[in-house]
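Here the structure is laid out as structure tokens; the discussion comes afterwards.
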Amino acid sequence: MSDRCTRRSSSPVTALMFAVSVVGSNGLALSPILSDVARSLSASPLTVSTAISAYGAATAASALFLAARIDRHGVRRSLLAAMVALIAALALSALSPHWAVLSAAQALAGAAAGVILPAAYGSATLVAAPGREARTLGRVISGWSVSLVAGVPLSAMVSDAIGWRATYGVLALCAAIALAGLRRLPERRDAAAAPARLSRLLAPLAQREVAALLLGCLAFSSAFYGVYAFIADHVRQTLALSAGRAGLIACAYGGGFLLADLLGAPLIERLGARRALPLALAVIAAVYVGLPAATRSLHAVLAVAVAWGAASQCSLNLLVLLLSRARPQARGAVLGLNTCTTYLGASLGTAIAGAVYAHAGFSALGLSAAGAAAAAALGLHWQLNARGRRARGDAAARA
């Protein structure tokens, strides 16, 4: 019976994982082809990067305001509607005659992504066999690794072979295939769910540890998306690479991400989450310091990208873990704020990084990102460890 349940659920789980990988591939695909898109649309890479900011801002707003309504409208219904919107956004991206149209299309894609991701994670628990919910959710989340290791590099190769518009056309086709598989999902709807109010969504911010972790998340995501948006353009100019070869940077990053997923748990368990998170952020700061020099060689930048991906995976998982523990009675609201903060960082980070990159170069961008990651590491070390020890010492003294 268990085997039959597993076989029945495998197809919807694969569709969910595929949907997440399409969302991830679209969100990360523009960086390796930024120069090609800019030339085609007679614009600068900085101008075209507005599409990345628009995507991040729309995803953040959608995660905060639209995702909270998923339960009332139905998980399956919300997911299917958002996938249709994503297909339309990807098709419009492929046909964009101007950078402003591409930015609008990516804003629509971001609004769809802000619903697809939480709906996909919620659907994973519906299709999972009893007792296998965590493992099924892990498979769905692994769609992000698929997008890093395969989706982004293949998108860059498609751009090299056919043109950047074909990249978005292929992603639209993949989204349509995912949509066909998602139609088999079960529905879950709570018509009596109370409408989400902004005050309720923002209530977890009153807890100091939640606020500190979200600030750390903002610094982490701003630094990542800011550097990621322009590293391929810089490397392509420095080493005269094609989009396909520049896409290997995302592949190396994804390889490090997967490596940390497989091997990082014992180290994290030994150190403890509160000590491990500041350490992982400090490693990322060191990566950003060394990244500008590494971009003079493809082999060097790929090696650094592996370390970047490994440290990022640890940081991301630890942020989510500590946030979920910080306020268990409001875990959904806290993780919704985490998604919102992550993509707010994507929008702000790309916008700020674009100005730094255009006026001061990639070395200044790397140092700026390193400063943000180092500040997050120091702030979270104090909040999670030094301040916690002081509070425990005061409590012991009062006792």
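Worth a mention:
- Failed criterion for Ala360 (all others in (1) of a type outside the set (Lys, Arg); (2) over 28 Å from Leu64 (Cα atoms); (3) crowded, with 23+ Cβ neighbours inside 10 Å hold): (3)
- Residue, modelled with the highest pLDDT, within segment 127-138, restricted to residues that are touching a helix residue (DSSP H, G or I) at 6+ places or on another chain (Cβ under 7 Å), aliphatic (A, V, I, L, M) and assigned to a helix (DSSP H, G or I): Val127
- Some residue of segment 303-312 being free of Cβ contacts under 8 Å to residues at least 40 places away in the same chain, assigned to a helix (DSSP H, G or I) and touching a Lys or Arg at 6+ places or on another chain (Cβ under 9 Å): no
- Just one of the listed residues (Ala265, Ala252, Ala285, Ala273) is farther than 19 Å from Val235 by Cβ and either buried (at least 18 other Cβ atoms within 10 Å of the Cβ) or of a type in the set (Lys, Arg) (or both), namely Ala285.
- Checking the stated criteria, Ala346 turns out not to satisfy the condition of being touching a Leu at 6+ places or on another chain (Cβ under 6 Å) and of a type in the set (Gly, Ala, Ser).
- Counting the residues of segment 46-57 that are crowded, with 23+ Cβ neighbours inside 10 Å and closer than 10 Å to Ala104 by Cα gives 3.
- Pairs where the first residue, in segment 114-142, is hydroxyl-bearing (Ser, Thr, Tyr) and the second is modelled with pLDDT under 70, C-beta under 6 Å, 6+ apart: Thr125/Glu133
- With respect to (1) of a type outside the set (Ser, Thr, Tyr); (2) within 17 Å of the chain's Cα centre (by Cα); (3) modelled with pLDDT of 95 or more, the lone exception for Leu318 is condition (3).
- Some residue of segment 253-274 being assigned to a helix (DSSP H, G or I) and basic (Lys, Arg): yes
- The helices (runs of 4 or more DSSP H) located wholly in segment 37-124 that include 2 or more residues which are over 30 Å from Phe362 (Cβ atoms) and out of contact with any strand residue (DSSP E or B) (no Cβ under 9 Å at 6 or more places or on another chain) occupy 50-65, 70-73, 75-95.
The values are calculated or read from the model by the stated rules, or taken from the named source; none is laboratory data. Being a predicted model, the structure only gives us computed values, none of them experimental. Because the Cβ atoms are built from the backbone with ideal geometry, glycine has one as well, and the counts that use them run over all protein chains shown.
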